[in-house]
1. Looking at the range 17-52, which of the residues that are away from the ligand (no atom under 16 Å from the Cβ) and surrounded by 15 or more Cβ atoms within 10 Å (Cβ to Cβ) is farthest from Glu168 (Cα to Cα)?
2. Hey, any hits in the range 64-72 for a residue that's among the polar types (S, T, N, Q), under 19 Å from Phe153 (Cβ atoms), within 13 Å of the ligand (Cβ to nearest atom) and not in a loop (DSSP other than H, G, I, E, B)?
3. Identify all residues within the range 35-46 that are under 16 Å from the mean Cα position of the chain (by Cα) and farther than 16 Å from Glu159 by Cβ; write none if there are none.
4. Does Thr137 count as at pLDDT 95 or above, within 19 Å of Asp11 (Cα to Cα) and in contact with a strand residue (DSSP E or B) (Cβ under 8 Å, 6 or more places away or on another chain)?
5. Working only within the range 89-129, note down all residues that are crowded, with 16+ Cβ neighbours inside 10 Å, within 16 Å of the chain's Cα centre (by Cα) and not in a loop (DSSP other than H, G, I, E, B).
6. Among Ala91, Ala118, Ala75, Ala83, which is among the aliphatic types (A, V, I, L, M) and under 20 Å from Val20 (Cα atoms)?
7. Given (1) more than 12 Å from the ligand (Cβ to nearest atom); (2) out of contact with any His (no Cβ under 8 Å at 6 or more places or on another chain); (3) farther than 29 Å from Arg102 by Cβ, identify the lone condition not met by Tyr135.
8. Identify all residues within the range 1-60 that are out of contact with any helix residue (DSSP H, G or I) (no Cβ under 8 Å at 6 or more places or on another chain) and within 20 Å of Pro129 (Cβ to Cβ); write none if there are none.
Amino acid sequence: MRIEAAPFAYDFELKSTALVLIDMQRDFMEPGGFGETLGNDVSLLQAIVPAAKRVLQAWRNASGLVVHTRESHTADLSDCPTAKRNRGNPALRIGDEGPMGRILVAGEPGNQIIDALAPIDGEIVIDKPGKGAFYATGLHALLQQRGITHLLFGGVTTEVCVQTSMREANDRGYDSLLLEDCTESYFPAFKAATLDMVRAQGAIVGWTAPSTALLLALNNAA
Ligand code: TIU
């Protein structure tokens with residue numbers, strides 16, 4: 001299959017490609033969570049939900065492997081570095097009780113993936129303590145077991161957890177594509193810069209494409 005992408009076409013096979021949705025959690029997407037405690041306008045992120053939902057449905061229909069990640073810490077915060085907890089002097093710190101439960105703690109209401117993109121049986125869900133999806137997780141091993149070599153990325157936020165995960169994937173040998181309208185930042189200029197950075201220098205980190213280009217490739221293959 002081929003996606004018309006930048007800086008040039010992206011070729012992939014369904015059986016060796018996973019869709020990776022990064023941290024589409026209430027903690028980042030809704031008021032009262034981690035994103036807002038850091039001083040961000042979280043409403044900006046809602047714009048990508050319809051496109052991400054279309055892609056998720058199409059990828060499921062094609063029987064493609066889906067990976068969801070959640071940025072989350074254990075209840076005792078033993079996997080949360082003090083530096084991370086203190087960074088930015090936020091109103092509520094990781095582990096503090098907020099309106100959606102404890103901030104960025106696994107199992108709390110705010111730490112769940114939003115309903116529109118909730119995982120279903122058979123999909124991989126990775127809880128990650130860092131910004132990157134590969135750091136201190138079993139993701140690389142799970143992908144290797146399944147023969148995955150190509151990753152299609154969406155999620156939030158573009159320049160933090162998505163870009164970090166793509167760079168981690170790049171160093172592990174994956175060919176990655178970022179779905180432009182399925183990722184968002186609290187800072188529109190940072191999103192634009194990240195898309196440019198990813199695809200510069202002949203896809204130094206990976207490719208980018210609008211989700212319609214992926215949907216077209218899937219339709220043409222069906
Ligand atoms: N603050 C911010 O933009 N992002 C994060 O802290 N985590 C993710 O990007 N998921």
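The values are calculated or read from the model by the stated rules, or taken from the named source; none is laboratory data. All values derive from a computational prediction rather than experimental measurement. We place every Cβ from the backbone using ideal geometry, glycine too, and count neighbours over all the protein chains shown.
1. Out of the qualifying residues, it is Ala51.
2. Yes, there is a match, as at least one residue in the range 64-72 is among the polar types (S, T, N, Q), under 19 Å from Phe153 (Cβ atoms), within 13 Å of the ligand (Cβ to nearest atom) and not in a loop (DSSP other than H, G, I, E, B).
3. Gln46
4. no
5. Asn111, Ile113, Leu117, Ile124, Ile126, Asp127, Lys128
6. Ala118
7. Tallying (1) more than 12 Å from the ligand (Cβ to nearest atom); (2) out of contact with any His (no Cβ under 8 Å at 6 or more places or on another chain); (3) farther than 29 Å from Arg102 by Cβ, Tyr135 fails exactly one: (3).
8. Correct list: Thr37, Leu38.
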